[in-house]
Structure formats: C-alpha cells, structure tokens
Amino acid sequence: MDFKEMVLPAEVLPAERLERMEGWGMSCAGMSYVYRPVNTRGVREILEIARGSGRPIGMRGAGRSYGDASLNSEGMLLDLTRMNRILEWDPISGLITVEPGVTIQQLWQYIIEDGWWPPVVSGTMFPTLGGAASMNIHGKNNFKVGPIGDHILSFQILLPDGQELTCSRQDNADLFHGAISGFGMLGVFTQLTIQMKRIYSGLLDVTAIAVGSFAEMFAQFEQRLPESDYLVGWVDCFASGASLGRGQIHQANYLDPGVDPEPAQTLRVTNQELPDTFVGTVPKSLMWRIMKPFANDPGMRAINFAKYLSSEKLGHEAKHRQTHAGFAFLLDYVPNWKLTYMPHGLIQYQSFVPAENALAVFTEQLRLSQRYGLTPYLGVFKRHRPDDFLMTHAVEGYSFALDFALTATNRGALTSLAAEMDALVVGGGGRFYFAKDSLLHPSTVARFTGEERIAKFQALKTQCDPEDLLQTNLYRRLFPK
Ligand SMILES: Cc1cc2nc3c(=O)[nH]c(=O)nc-3n(C[C@H](O)[C@H](O)[C@H](O)COP(=O)(O)OP(=O)(O)OC[C@H]3O[C@@H](n4cnc5c(N)ncnc54)[C@H](O)[C@@H]3O)c2cc1C
C-alpha cells in the first residue's frame, strides 16, 4: 500500500483504521488509528502521516504489556507485528538479526535445533523482540545474566524525522542505553542483533522446593543463587500468620555437554512443544472455561492451598527434567487464562526492592492486601541484578509480582492499596516496571527514577523526538507536561 496517498488532515484519518485496542490485562482500552507496516519504508511513511495529521503515534508489539504501555487513545498506533522476518542467523556464533515483530516463540523455535536458546525470555513466549527491548524484559535468570538489553549487540532505530541510526555500546551509546528500556518513546526499533545462549540439551534439570514462609523463601533463594541458572518462586498469597509467604521455588539448570544421551531429539521443536491436552484428555483451549468458576476469593484460596499441599507432598525437594519451553513458558500452558478474569480484567503489581529491604516490604504488601480484602490470586517472586539501561526497573534484590482481579467495585480500593504499597517500595529504595504498571502516579515515578535520570531521558526525548510525536497512554499518564 502506498501510505503517501493517505496523508490526510487529522479530522479525516480513515475511519476504517479505527480499532479498539486493549492492554493485556483487559483493564484499560482505547480507540486508535492502527497501521501495520511490513517494512521500514512503511514505518517512515506512517510517521509522516502522523506528523501531517497532528496526532501522536505510539508503538505496539504483541500488546503483552499488562496496562496502557502500548495504547494511544485517540491517536495513531504503529503495530509492528507484520515486520517479523529473521534477517540473519549464524548457528556458529549464535548471533541473530531480526525485525522487531519477531516473537520470542518464533525466535526459540528457529534456533533450538542448532543448539541455542534465547538468553532472556519472559514468562510468556508471545511478546515481540521490539516490545521486549523497549521494556528491557527480564527472565527467571535475571540475577545471573541481566535483562535482554545485556544481550543486544546493536539495533537500528528510526527516529520520527525519518533518520535511521545504528546504535550499540560503541555507536550512539546514550541512545542505545536509553531506547532499550525507553518504552517506545525515542524511536522505532527496525532491526535488532542479539547474542543467543549455547545449550547442549533440550532439557533442564529442575528442582521443586516447598517453602513454609517468606523467610524460608528468601533463605532458599540466597542459598541457591550461586548454583542456579534459573530461580522462580510461587507464593500462596492467601496464607497468613506464620505461613505468610509460603509457596514453592523452582530451580533449573542447564545440562552440561554429554549429559543428555539424545540431544538431537530433545532439541527438536516438536519435543519442546507444550501438550495440547491437560492430563491427557481435556483440550487446553477449554481449560479457562473450566477454571472460570474458581476465579473468585474462595476458589482461588482453595486452588492456592491445593497447589501448596501438592508441592509439600512431593517432599521438601523433588527433581525432574523438563523442556526449556515447558519450564520457561508455564504461563502459556493454559491458553487465554486471562479470560477467567473477565469481564473486568486484572492488574499486575510488580515491585523491585533491594535485597536488604525486600523481606520486610513484601511481607507488609501481603498483609496490607489481605487487610484490604484484596488478596492477589497469583504471587511470583524473582531475584534480580542492576543493569545500566536508563529507564530500567531491576535492582540488586527481589521482585514480587501480584495479580489482582478487578471487579465492578474494587478499583478505588485497589488504587488506595497500590498507593500504600508504592510508599513501602519507594521507602525501601525500590523501583517499578512500566510493562506491568497500571496505577503508578507521576510523583512516585519521579521519586524512584530520580531527577538526574528523568532529566537525561527528557533530553534524549527532545533530541530524538522534538515534536513529541511518539506518545502512549502510559507516557501521558506518568510524564505529564
Ligand atoms: C503472561 C505474561 C507474562 C509476562 N512475563 C514477563 C516476564 O517474565 N518478564 C518480563 O520482563 N516481562 C514479562 N511480561 C511483560 C512483557 O514481556 C512485556 O510487556 C513486553 O514488553 C511485551 O512485548 P510486546 O511485543 O507485547 O510489546 P507491547 O506490550 O505491545 O509494547 C511494549 C512497549 O514496547 C514499545 N514497542 C513495541 N514495539 C516497538 C518497537 N519496534 N520499537 C520501539 N518500541 C516498541 C511499545 O510502545 C510499548 O511501550 C509478561 C507479560 C505477560 C502477559
């Protein structure tokens, strides 16, 4: 399509491009003029349309951010999912160059049979690499290998004025460190070159460890850090008293060369894929409907309790081998599980707190949630390390991600609870993650980010996007003029 034909004044942007776009958590949505280019030339032309129309333009990958990070209500949205070609792959060095719409799923499926795995993946395989770089995503190995930005060697970025720059740690280094973590506010990634991780088997050695309290969860994490490749904790947020913070840890380790007798088999994509049925019979596509009647406080209390009991029953430590995809993307096991939160959706609240304060802050967050009668249905606990990207979220410490169900009446209470929890996090030297945020206040962002970083970010924004053409709902909410 020739986008030049479509340079029209704002009031006549074509109505057929108007679509209702939703944040992944289904708690926010807006109407936008959506464009889906297939190449850099198309992106350039759409940026010109935006400039001509006087409307801001935001970017969207797979729309897997929980809140409003990839929404631009009343404005234009550049959906990059059709720019999804793998441009270069070197199975000797493990270097790959991709367009921004390539998903984590496409990536691992493309490289695994050559004995490689993405160094950093999120808990779901559906994000695009443009979206992943923009948020500087972390995995269950963040404490060991840092965020995805640490593995990006270079990228091409298109600025709103049509200029395309190559950025790396050597060239345009400030923009390199700003655009990774810059939530799409500095330019459009059009190509990324990323170093993959060598693996010698399609399996991981996994140990499941039941823990009876938060203190035990922390102690086990600290003890296991030096010997683990991945660590993640699940928390039963309904448990209280001496059991507050109880749950289960999963530790996973790569297999050394020669340990897997059949690596060619285990590395095959078909042997990685998650099964289509649950316990061999129920089609996975039906699972969310079966789970729906339990998506309430009594149901979730029972499910969390049963999960804890079954983890305890396995003994304090249970070992097994699991595929990379099975371990990394457990959340994808039940397709559309978020629909159990219909009709009001869910909000994820994830905070990152330095190790010395994390136990106190997360204990108080759980107590507060229970006191408010807003117990999270899912709690996930991870270890992190700091990185040098400008607007990044990780700290030398821990994160706790809490899924809150929205109802017709609880948004006000949830906002008050989040404000109380924010104060604890900021007081403890912690940070937040824009990919997960829905409720932060600009004053909180200013406090945890610090004046110096914000000034640096704003200077880069003015340099790359002097007309403030690139905007999203999240940007307007958290960085108001
Ligand atoms: C079930 C689930 C589990 C998750 N687990 C994790 C996890 O373990 N770790 C973690 O870190 N995150 C996790 N996430 C969050 C997710 O990884 C991030 O939100 C990621 O950014 C989503 O990528 P996306 O392609 O969907 O981007 P979107 O959500 O569509 O957009 C994210 C941001 O990227 C910008 N953007 C998109 N494409 C480009 C581009 N080409 N150039 C510049 N900017 C662009 C957008 O403007 C927006 O600001 C999870 C999300 C879900 C739903």
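The values are calculated or read from the model by the stated rules, or taken from the named source; none is laboratory data. Source: prediction; values computed, not measured. Reconstructed Cβ throughout: ideal geometry from the backbone, glycine too, with neighbour counts over all protein chains shown. Note: areas computed on protein heavy atoms with side chains; ligands, DNA, RNA excluded. Shrake-Rupley method; radii C 1.70, N 1.55, O 1.52, S 1.80 Å.
The gain in end-to-end length when the Asn39 to Asp161 segment is fully stretched comes to 42.3 nm, 0.36 nm per residue minus the alpha carbon separation.
The label point for Glu19 and the one for Glu317, both projected 7 Å from the Cα toward the Cβ, are 4.9 nm apart.
Counting charges near Phe294 (Lys, Arg +1; Asp, Glu -1) among other residues having Cβ under 13 Å from its Cβ returns a value of +3.
Using 0.36 nm per residue and subtracting the Cα-Cα separation, the extra length available between Gln458 and Ile86 on full extension is 130.7 nm. If you take the Cα centroid of region 196-248 and the Cα centroid of region 453-477, the two points sit 38 Å apart. Given +1 at the Cβ of Lys and Arg, -1 at the Cβ of Asp and Glu and no other charges, the dipole of the chain around its Cα centre is 1040 debye to the nearest 20. Nearest 0.05, what FRET efficiency do Arg198 and Ala264 give at R0 = 22 Å with Cβ-Cβ as r? Efficiency for this residue pair is about 0.90. Once you reduce region 145-174 and region 38-72 to the center of their Cα atoms, the two points are 18 Å from each other. Taken as Cα centroids, region 268-329 and region 345-419 sit 23 Å apart, rounded to the nearest whole angstrom. Over all orientations, the chain has a Cα convex hull whose mean projected area works out to 22.4 square nanometres.
In terms of the mean number of neighbouring beta-carbon atoms within 10 Å, the peptides 46-54, 147-155 order highest first as 147-155, 46-54. When only Cα pairs below 8 angstrom with a gap of at least 6 residues are kept, region 203-443 shows a relative contact order of 23 percent. Between Tyr333 and Ser443, the C-beta separation translates, for a Förster distance of 30 Å, into a calculated FRET efficiency of about 0.15. Full extension of the chain segment joining Asp229 with Glu74 gains 51.4 nm, where the gain is 0.36 nm per residue of separation less the Cα-Cα distance. Volume per residue for region 203-443 equals 150 cubic angstrom (convex hull of Cα atoms). Taking K and R as +1 and D and E as -1, what net charge do the other residues with C-beta under 11 Å from the C-beta of Ala29 add up to? Combined, the nearby Lys, Arg, Asp and Glu give -2. Distance between the pseudo-spin-label points of Thr277 and Tyr372 (7 Å out from Cα toward the beta carbon): 4.3 nm. Of the residues Gly247, Leu231, Phe189, the one whose Cα sits farthest towards the positive end of the charge dipole of region 155-294 is Gly247 (charges of +1 on Lys and Arg Cβ, -1 on Asp and Glu Cβ, taken about the Cα centre).
Expressed as a whole percent, the accessible area of the chain that falls on carbon and sulfur atoms is 54 (1.4 Å probe). A simple spin-label model places pseudo-atoms 7 Å from Cα toward Cβ; at Ser240 and Ala413 they are separated by 1.3 nm.
Mind scanning Lys313/Lys382; Lys338/Lys436; Lys140/Lys456 and naming the pairs with a C-alpha gap bigger than 20 Å? Exceeds cut-off: Lys313/Lys382; Lys140/Lys456.
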